[in-house]
1. Tell me, which helices (runs of 4 or more DSSP H) lie completely within region 283-399 with 1 or more residues that are modelled with pLDDT of 95 or more and of a type in the set (Gly, Ala, Ser)?
2. Kindly list the number of the only condition in (1) exposed (fewer than 14 other Cβ atoms within 10 Å of the Cβ); (2) in contact with a helix residue (DSSP H, G or I) (Cβ under 9 Å, 6 or more places away or on another chain) that fails for Ala185.
3. Go through region 345-373 and give me each residue that's closer than 18 Å to Met1 by Cβ and open to solvent by 80 Å² or more (accessible area, probe 1.4 Å).
4. Going by the conditions given, is Val9 on the phi > 0 side of the Ramachandran plot, of a type in the set (A, V, I, L, M), part of a loop (DSSP other than H, G, I, E, B) and at pLDDT 95 or above?
5. If we keep just the residues of region 160-172 that are under 14 Å from the mean Cα position of the chain (by Cα) and open to solvent by 40 Å² or more (accessible area, probe 1.4 Å), which is nearest to Leu122 (Cα to Cα)?
6. Taking the condition of a type in the set (S, T, N, Q), under 25 Å from the mean Cα position of the chain (by Cα), at pLDDT 95 or above and farther than 29 Å from Gln132 by Cα, does Gln239 pass?
7. Under the condition of being of a type outside the set (Lys, Arg) and closer than 18 Å to Asp255 by Cα, which residue from region 293-316 is surrounded by the most Cβ atoms within 10 Å (Cβ to Cβ)?
8. Name every residue in region 57-111 that is touching a residue at least 40 places away in the same chain (Cβ under 8 Å) and of a type in the set (Val, Ile, Thr), in order of residue number.
Amino acid sequence: MKGRRGPLVGIRVLDLSRVLSGPYCTMMLADFGADVIKVERPETGDDTRGWGPPFINGEAAYFLAVNRNKRSVVVDLKAPEGRDLIRRMARQCDVVVENFRPGTAARLGIGPDDLLRENPRLIYASISGFGQDGPYSDKPGYDAIAQAMGGIMHVTGEPDRPPVRAGVAIADIGAGMWAAFGILAALWERERSGRGQVVDVSLLEGQIAWLTYVAGNYFATGQVPRRYGSAHPNLVPYQAFETADGHLIVAVGNDSLWRRFCEAAERPDLAADPRYATNAGRVEHREELLPELEALMRSRTTAEWLERLDRAGVPAGPILSIADLARDPHVQHRQMIVSLEHSRAGVIRVTGIPVKLSTTPGAIYAPPPLLGQHTDQVLEELGLPAEERRRLREAGVIA
């Protein structure tokens, strides 16, 4: 596909996934040059093609958000010839990504054993809710369930309110990122050994891995972490505050920054108070200090605080909406919102590539595909003659 560039040019990915975790993984690979062939079911395609509103000229905004830089092929996996076609395609691919419930791909005859038999160099990545084995492996995987069972939801929310899930599907997106990481590691190992392998990623384990210092605090003390809202369990002040006209977040990460904060706030008495001189003291006396700071922060506008804190070198920032981000000059400079021309939806905007490589950067070069847009193109490249494609299409195996 014209415009493809990056370190993964030459890597072909057979994408059997749908919804979010798998498509996010394959979008990351496609952004860095991999040729991602997205296999979709007849008529409806990926579930998210119907997830709306909002729609843009009939195209679901959800689908458009995570399927750029890919080619769409329609294959009916319920048909034996469709499954045969997947096995044939896998012979000429480097990576397969799927997010079926464990055991489903094997029952279809396109599981890791089946496809690695066809292509021993294949990297076969499976994303599931709970992993390919273990007591929970047959449970369906949903983002909210993984956030709940992985410990993230327990520490997210205000102290006196029920737990809440994050505002985006972090378990799904995180699993996609972990899968991309695992695929790259497996590809590097293949360079040395010549052998493919299976990458097994779960939403649950990705959430547990993200607990990091929160888990560390529990391991060190035996105390179950509680919810702190926007605050930090180990640092004070490190949270959002209400101002005279809005909100901003302050991140005082050490005692030097605390003294600068107090200077900027014209409160030298707080810096001089022995209870608050060290971070350990501020954490210990959190309940006494925070009411003072909350009243103080409400005394000036967000803009006034940002000007004072920036001048003092104290980390602080406004709490921006997505609309704010779309207008932000730094976000624009870093190309984190990109416009694409879609044949049906017109000009669409998508989030950019967050990893910048100096020598072999990735690129956003193609809009999300129409359903089955590249079926003939891809199958011709893989060696299926026009007559066979015509026969498969007439049989309803491809579209």
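The values are calculated or read from the model by the stated rules, or taken from the named source; none is laboratory data. Just so we're clear, the structure is a prediction, and the values are computed from it rather than from any experiment. All Cβ positions, glycine included, derive from the backbone under ideal geometry; neighbour counts span all protein chains shown. Surface accessibility is based on the protein's heavy atoms, side chains included, excluding ligands, DNA and RNA. Shrake-Rupley method; radii C 1.70, N 1.55, O 1.52, S 1.80 Å.
1. In region 283-399, 286-297, 302-312, 322-327, 386-394 are the helices (runs of 4 or more DSSP H) which contain 1 or more residues that are modelled with pLDDT of 95 or more and of a type in the set (Gly, Ala, Ser).
2. (2)
3. Matches in region 345-373: Gln373 only.
4. Judged against the criteria, Val9 is not a match.
5. Val168
6. So Gln239 fits the description; yes.
7. Here the residue is Val314.
8. Val66, Val73, Val74, Val75, Ile86, Val95, Val96, Val97, Ile110
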